[in-house]
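Trainee: Take this structure first; my questions come after.
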Amino acid sequence: MALGTDIVEISRIRRIAKEHPGFWQRILTEDEQRYCRSAGDGIHSLAGRFAAKEAVMKALGTGMSALKFNEIEILNDASGRPCIHPGPALRELMERQGINRIEVSISHCRAYATAVAWAQSPGPAADNTILQKA
């Protein structure tokens, strides 16, 4: 299992989106854009997905060189939980690394958006015992 986390200032994402009209398309798929724009100006959702995609890249250990942001799609399931929908590039990277699943959690407030991603490999569960009695 590998973990990645990220936090962004919403004001920074707002400024970048305003100054660079193609920012939404560079970061989000069409379905993600529709979802984000369905809630007001969508900047909080955009910032959350930006943070989540950076967290995914950190969990994979690749940085931003191996994937484009819009090659990682995050859509909500029926209960509202964000779920990774891997496209071909992400799926290939996951296969090369032996990862079968990536989970993500996103949160935001007025000033910040944060996300955590964990990449899971198949196989026996790790022994998470910290202390054992002799």
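Condition check ((1) hydrophobic (A, V, I, L, M, F, W, C); (2) within 21 Å of A111 (Cβ to Cβ)) across all residues:
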position	(1), (2)
G4	no, no
R15	no, yes
K18	no, yes
G22	no, no
T29	no, no
C36	yes, yes
D41	no, yes
F50	yes, yes
A55	yes, yes
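Trainee: State all residues of segment 4-34 that are modelled with pLDDT under 95 and either within 26 Å of A119 (Cβ to Cβ) or touching a Gly at 6+ places or on another chain (Cβ under 8 Å) (or both); if no residue qualifies, say none.
Mentor: none
Trainee: Another one. I'm trying to understand the selection: among the residues of segment 73-89, which are over 18 Å from S107 (Cβ atoms) and either surrounded by fewer than 18 Cβ atoms within 10 Å (Cβ to Cβ) or at pLDDT 95 or above (or both)? Outline the logic, then answer.
Mentor: The initial filter retains those residues of segment 73-89 that are over 18 Å from S107 (Cβ atoms), namely 73, 78, 85-89.
Selection gives E73, A78, H85, G87, P88, A89.
Trainee: Take the conditions surrounded by fewer than 19 Cβ atoms within 10 Å (Cβ to Cβ), among the β-branched types (V, I, T) and within 20 Å of N76 (Cα to Cα) and apply them to T29. Does it pass?
Mentor: Values: surrounded by fewer than 19 Cβ atoms within 10 Å (Cβ to Cβ): no; among the β-branched types (V, I, T): yes; within 20 Å of N76 (Cα to Cα): yes.
No; evaluated as a whole, the condition is false for this residue.
Trainee: Evaluate the following for G63: is it within 28 Å of P122 (Cα to Cα) and either assigned to a loop (DSSP other than H, G, I, E, B) or in contact (Cβ under 8 Å) with a residue 40 or more places away in the chain (or both)? Outline the logic, then answer.
Mentor: Values: within 28 Å of P122 (Cα to Cα): yes; either assigned to a loop (DSSP other than H, G, I, E, B) or in contact (Cβ under 8 Å) with a residue 40 or more places away in the chain (or both): yes.
So G63 passes the test.
Trainee: Mind listing whichever residues of segment 66-106 are assigned to a strand (DSSP E or B) and basic (K, R)? Step through it out loud before you land on a result.
Mentor: From segment 66-106, those assigned to a strand (DSSP E or B) are 72-76, 82-86, 101-106; that's our starting set.
Once the filter is applied, which keeps residues that are assigned to a strand (DSSP E or B) and basic (K, R), segment 66-106 yields only R101.
Trainee: Now for a separate question. Looking at segment 17-58, which of its residues are more than 22 Å from G80 (Cβ to Cβ) and either β-branched (V, I, T) or in contact with a Leu (Cβ under 9 Å, 6 or more places away or on another chain) (or both)?
Mentor: Taking segment 17-58 first, the residues more than 22 Å from G80 (Cβ to Cβ) are 17-23, 25-26, 57-58.
Once the filter is applied, which keeps residues that are more than 22 Å from G80 (Cβ to Cβ) and either β-branched (V, I, T) or in contact with a Leu (Cβ under 9 Å, 6 or more places away or on another chain) (or both), segment 17-58 yields A17, F23, M57, K58.
The values are calculated or read from the model by the stated rules, or taken from the named source; none is laboratory data. The structure presented is a predicted model; accordingly, all values stated were derived computationally and were not measured. FYI the Cβ positions are ideal-geometry reconstructions off the backbone, even for glycines, and counts take in every protein chain you see.
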